[in-house]
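Asker: Structure provided below as structure tokens; questions to follow.
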Amino acid sequence: MSNPSPLVGFLIHDVARLMRKRFEQRAASLGFTRSQWQVLVHLAKNEGIHQAGLAEILEVEPISLLRILDKLEARGLVERRQHPTDRRIWLLYLTASAHPSLALLRVIGEVTRAEALAHLSEPERDGLVQNLTAMKANLIEACSLPVVDEEASHG
């Protein structure tokens, strides 16, 4: 293979898609859609966040998040609490009932990662994480810079 660089983006995309697909296959038995378990996982990391902030993290429209939250609230997994000083803002929290489901989702995540990394040695796994972390840092830095007009016009 002469130059694998053009394939990197496609491979990363495909690996992420296949990991999500495999996770979804396992999580379906718990009765969660992908969007629902993503909300639960991100909310667990950001309890007390307002709806607009969570929508931004998830990169979804607030109205789409609202529908997901309504379903999770109806299942007794999420609760909305009014902001102490601004009645227009609702803060989001997991209920005690959500924690067993989150624990199962974490186990499913561990099994899925193990499947994905099955034939990689420990040093290869460590190297993969280091390389992906470096790529992420490079892209975060690049995204903070303006695009030069010549680059933008040549797609």
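Asker: Could you state the per residue volume, in Å³, of the convex hull enclosing the Cα atoms of the chain? Working shown, then result.
Answerer: Details: hull volume 27.7 nm³, N = 155.
Each residue corresponds to 179 Å³ of Cα convex hull volume.
Asker: I've got another one for you. Give me the distance in nm between label points sitting 7 Å out from Cα along the Cα-to-Cβ direction at E47 and L66, one decimal.
Answerer: 2.6 nm
Asker: Ranking T112, T85 by Cβ neighbours within 10 Å, fewest first, what do you get? Present the calculation step by step, with values, prior to reporting the outcome.
Answerer: Numbers: T112 20, T85 6.
By the 10 Å Cβ count, ascending, the order reads T85, T112.
Asker: Turning to a different aspect of this structure: Tell me, which longest segment in the chain has none of the GluC sites (Glu not before Pro) that fall in DSSP loops with at most 12 further Cβ atoms within 10 Å?
Answerer: Values: sites that count: E47, E59.
Longest stretch, sites excluded: 60-155.
Asker: Taking +1 at the Cβ of each Lys and Arg and -1 at the Cβ of each Asp and Glu, which of G53, L18, W90 sits farthest along the dipole of segment 5-102 towards its positive end, judged by Cα position relative to the Cα centre?
Answerer: L18
Asker: So, in nm, how far is label E122 from label C143 when the simple model puts each one 7 Å beyond its Cα toward the Cβ?
Answerer: Distance between label points: 3.3 nm.
Asker: Then there is this: Just tell me which lysines come within less than 30 Å, Cα to Cα, of K136; anything on the same chain fewer than 8 places away is out.
Answerer: Partners found: K21, K45.
Asker: Let me ask another. Are there trypsin sites (Lys or Arg not before Pro) in segment 66-125 that DSSP puts in a loop and that have at most 11 other Cβ atoms within 10 Å, and which ones? Each step should come with its number before you reach the end.
Answerer: Values: sites: R67, K71, R75, R80, R81, R87, R88, R106, R113, R125; in loops: R75, R87, R88.
Passing both the DSSP loop test and the Cβ count: R87, R88.
Asker: Which ordering of L77, L40 is given by a fewest-first count of other beta-carbon atoms within 10 Å? Write out the running numbers ahead of the final one.
Answerer: On the way: L77 23, L40 20.
If I rank by nearby Cβ atoms, fewest first, I get L40, L77.
Asker: A further question follows. Would you mind ranking V39, V147, V60 so that the residue whose beta carbon has the fewest other beta carbons within 10 Å leads the list? Please list the in-between numbers first.
Answerer: Values: V39 26, V147 10, V60 17.
So the ranking, lowest neighbour count to highest, is V147, V60, V39.
Asker: What does the net charge come to around R17 if you take all other residues with beta carbon closer than 14 Å to its beta carbon, with K and R at +1 and D and E at -1? Write out the running numbers ahead of the final one.
Answerer: Working: positive: R20, K21, R22, R34; negative: D14, E24.
Spelling it out: positives minus negatives among the neighbours equals +2.
Asker: Defining a contact as two alpha carbons under 8 Å apart and six or more residues distant in sequence, what relative contact order in percent does segment 22-120 show?
Answerer: Working: 91 pairs, mean separation 29.9, N = 99.
After rounding, I find 30 percent.
Asker: For the chain, give the magnitude of the charge dipole about the Cα centre (Cβ charges: +1 Lys/Arg, -1 Asp/Glu; no others), in debye to the nearest 20. Could you put the intermediate results ahead of the total?
Answerer: On the way: 18 positive and 19 negative charges, 174 e Å.
With only Lys, Arg, Asp and Glu charged at Cβ, the dipole is about 840 debye.
Asker: Helix-only mean residue ellipticity at 222 nm, the chain, DSSP H runs n ≥ 4 weighted -39,500 (n - 2.57), per residue, nearest 500. What is it? Intermediate values should be presented prior to the final figure.
Answerer: Numbers: 7 runs with 102 residues, N = 155.
Using -39500 (n - 2.57) per qualifying helix, the result is -21500 deg cm²/dmol.
Values quoted throughout were computed directly from the atomic coordinates according to the rules given, and no laboratory measurement underlies them. Computed from a prediction, not measured in an experiment: that's the story for all the values here. Quick reminder, even Gly has a Cβ in these numbers, built from the backbone with ideal geometry, and neighbours come from all protein chains shown.
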